[in-house]
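The values are calculated or read from the model by the stated rules, or taken from the named source; none is laboratory data. Because the structure is a prediction, the values reported are computed rather than measured. Because the Cβ atoms are built from the backbone with ideal geometry, glycine has one as well, and the counts that use them run over all protein chains shown.
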DNA sequence: TCCATAGTTCACAACATAGGAACTATGGAA
DNA sequence: TTCCATAGTTCCTATGTTGTGAACTATGGA
């Protein structure tokens, strides 16, 4: 079984970060890890974003996050301990992670309030 | 020929923005548009990132940026006038675009200086 | 009317991604 | 020790996404 790959902080790229976080599932996982004080295992996220995510898919999402340099994963017995690397990334790309997490927050707040009011956004026409 | 699609500001998603900017060519195009005071046509970017980009590929990149809500394109005679929509986006997702552009700047600065010194980063081992 | 220029669309090849099934690694119980 | 349960990973394949050349469209000017 191949060993876990963690890029060194200098090999982390902006493109990699943006690509990893452009997926809603990965963004949700990462947001939760970044907020959480303690490490979390993968299975905690089998129902993130209110959908059942197959284990294999989840595993690939964790791999994407890991290889983009966003999280660190360590085996602890039978589980995985996942933590975010946000403080390292903050050093190299100041403000980036905060702005992205904040934008996701803005967006989900709007989504919640519009569904409560009857999903007005869903029918708004494009130009 | 299908009309140009511009999402309304409320339909712009973070995922869409991140995905669009996770491509180096699109990021370079967008950075240049965001910096530039005046509108620019597509052909100005046929050599962005020091590579020849086929016209058809470039056209799709502009379409991605447009449909992600990052730029606005208008036909002016035989050319296209492309401008960035950063002030709109700044309203909705404060700090996001600035942080991303800044991160790209950080990264390209490092790349430049490491190539000058003999590409030390290229051989640095991963964990 | 014709041409040149700027972009777009189409078709297809190459690459990336999702998910089920089979697998591996670890810790604990018998 | 051996066996089992749990947590993740890998493999395979079907489905999407993306890049590119060739053919096309739209516009302005000769």
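Picking from residues in the range A:66-92 that are more than 16 Å from DNA strand C (Cβ to nearest atom) and within 11 Å of chain B (Cβ to nearest Cβ), the one that is surrounded by the most Cβ atoms within 10 Å (Cβ to Cβ) is A:89.
Where helices (runs of 4 or more DSSP H) fall wholly inside the range A:81-127, the ranges with 3 or more residues that are closer than 30 Å to residue B:3 by Cα, in contact with a helix residue (DSSP H, G or I) (Cβ under 9 Å, 6 or more places away or on another chain) and at pLDDT below 70 are A:120-123. For the range A:33-58, a residue qualifies if it is in a helix (DSSP H, G or I) and in contact with a strand residue (DSSP E or B) (Cβ under 7 Å, 6 or more places away or on another chain), and the qualifying residues are A:33, A:34, A:42. Determine whether the range A:93-101 contains at least one residue that is within 14 Å of the chain's Cα centre (by Cα), without any contact (Cβ under 8 Å) to a residue 40 or more places away in the chain, within 14 Å of another protein chain (Cβ to nearest Cβ) and surrounded by 13 or more Cβ atoms within 10 Å (Cβ to Cβ). Yes - at least one qualifying residue is present in the range A:93-101. Can you work out which of the residues in the range B:12-62 that are away from DNA strand C (no atom under 13 Å from the Cβ), within 14 Å of another protein chain (Cβ to nearest Cβ) and more than 13 Å from the chain's Cα centre (by Cα) is nearest to residue B:85 (Cα to Cα)? Among them, the one singled out is B:12.
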